[in-house]
Amino acid sequence: MSQVRQFFKVRFNRIGQWQFRRDKFSRRAFLLLFSVGLGLTLTLAACTPDASIQAEVDSTASPIAVDRVVRIGHQKFDPFTLVKARGGLERRLEPLGVSVEWTEFQSGPPMMEALNVGSIDIGRTGDTPPVIAQAADAPLVYIGGGTPKDRSSAVLVRADSPIQTVADLAGKKIGYAKGSSANYLIVRVLETAGLTLDDIESVYLSPADARSAFEQGGIDAWVIWDPFYAAAQEQADVRVIRDSDGLVANRDFYLAVNSYVDDNADVIEAIKQETQEVSAWADANPDEVVSILSPILGIEAPILDVVTKRRGYDFQPMSDEMVAEQQEIADVFYEFDLIPKSVNVSEIVWRSSS
């Protein structure tokens, strides 16, 4: 089995940083208790000798709908984080009889694995994880994308590092999350100096572990995205060797389990509409975005202010341009043996029939 396939077979309970938190409250338990309570009330009323106080049940009333639950994965700071914080999605989905369970991930690859094994229904990630997941035959489809965030990632070195140019990265230990958007960025960055991944020593680390290794000198450079990128700029003595501007679009992508989409198109549409409304609000109220998210994320306001200026929060239907960008990533990864087979991105793009 290829390394890529092995990578996607990893389970979260073996790697601490991939452990996730689930919201513990569900409307399902409430509805179950309510239904049982209602049934007992009607039974007791029917057995009461005084017919004048017997409960009258409207034979035309609709039965209580069986609740649906949509399980959504998000990363520490992405559009869904703000959607969750605002609380509007739950209100929008309530008339559809749908509740929401949220799960947080440190990066895209473990989220793709969660989709692959059916632990979540919908997730938001960067550009590279869906490509690797498709090559590993994960049952996923694209349901939307965002605007480019082409200044939100970078290759960092410590301020006192002798590394001054991209060419100086040759032979150095470079940390990044395998299969993440940083994986594609480092490929593109190295290309600008005529280098490939074979010219460096790749060290696969989660964002939290990479920062620790970076600050302690365990790696020479770090490829990372916001908000970790902005936090490092604010809190550590670092230099940017090359950022993502002009190299990658670095979009958000929204994905779902392919068996989920057709029977839940109404849920996907509601999520898209709510995310778009939150996006418009965020663009008009950047200071409020910072004030809401800073205590939730435990990130200082000045850092979030930088991040907010470098990203958007929208959820658009998949466009031909988005598909072409993803196909380019897939082709590059296949060329460098980073995925085991070539893939056709357009084959897993879901289009709503409504």
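The values are calculated or read from the model by the stated rules, or taken from the named source; none is laboratory data. None of these values were measured; they are calculated from a predicted model. When we count neighbours, we look across all protein chains shown, and the Cβ atoms used for this are built from the backbone with ideal geometry, even at glycine. We work out accessible area using only protein heavy atoms, side chains counted, and drop any ligands, DNA or RNA first. Shrake-Rupley method; radii C 1.70, N 1.55, O 1.52, S 1.80 Å.
From largest to smallest, the equivalent ellipsoid semi-axes obtained for segment 194-346 from the alpha-carbon gyration tensor read 29, 27, 14 Å. A simple charge model with +1 on the Cβ of Lys and Arg, -1 on the Cβ of Asp and Glu and nothing else charged puts the dipole of segment 256-341 at about 320 debye relative to its Cα centre. A 1.4 Å probe run over segment 269-318, with the rest of the protein chains in place, finds 44 Å² accessible per residue. Taking label points 7 Å from Cα along the Cα-to-Cβ direction, Ala284 and Asp137 give a separation of 4.9 nm. Pair-distance distribution P(r) for segment 265-354, from all Cα-Cα distances in 5 Å bins starting at 0: 2, 12, 15, 14, 13, 13, 15, 12, 4, 0 percent. Once the Cβ-Cβ distance of Ala213 and Ser259 is raised to the sixth power relative to R0 = 35 Å, the FRET efficiency obtained is 0.35.
Once the mean of 1/r is taken over each pair of separate Cα atoms and inverted, segment 113-193 shows a Kirkwood hydrodynamic radius of 15.0 Å.
Computed in the context of the full set of protein chains, the accessible area of segment 104-251 at 1.4 Å probe radius has 42% of its extent on carbon or sulfur. Summary of the geometry: segment 110-182 and segment 218-264, compared by the centres of their Cα atoms, lie 6 Å apart. All Cα-Cα distances of segment 218-271, cut into 5 Å bins from zero to the largest, leave 4, 13, 19, 14, 10, 9, 11, 10, 8, 3, 0 percent in each bin in turn. For the peptides 258-265, 281-288, the ranking by mean Cβ contacts within 10 Å, running from highest to lowest, is 258-265, 281-288. Amide H to amide H, with H built 1.01 Å from N, Arg71 comes under 5 Å of Glu101, Asp121, Ile122, counting only residues 5 or more places away or on other chains.
In segment 253-353, taking the dipole from charged Cβ atoms about the Cα centre, the farthest positive-side position among Trp350, Phe333, Pro302 is held by Pro302.
The protection proxy used here, the mean number of other Cβ atoms lying within 10 Å of each residue, ranks peptides 228-235, 336-343 as follows, highest first: 228-235, 336-343. Spherically averaged projected area of the convex hull of Cα atoms, segment 97-144: 3.7 nm². A crude spin-label estimate for the pair Ala159 and Asp337, with each label 7 Å from Cα along the Cβ direction, gives 4.1 nm.
Considering only Leu169, Ser153, Ile268, and ranking their Cα positions along the charge dipole of segment 132-274 that arises from unit charges at the beta-carbon of Lys, Arg, Asp and Glu, the one farthest toward the positive end is Leu169. When +1 charges are put on Lys and Arg Cβ atoms and -1 charges on Asp and Glu Cβ atoms, the dipole computed for segment 140-235 relative to its Cα centre reaches about 220 debye. Residue by residue, segment 318-329 carries 3J(HN,Hα) couplings of 4, 9, 4, 5, 4, 4, 5, 4, 5, 5, 5, 4 Hz when phi is fed to the Karplus relation 6.51 cos²θ - 1.76 cosθ + 1.60 (θ = phi - 60°); x denotes Gly or Pro.
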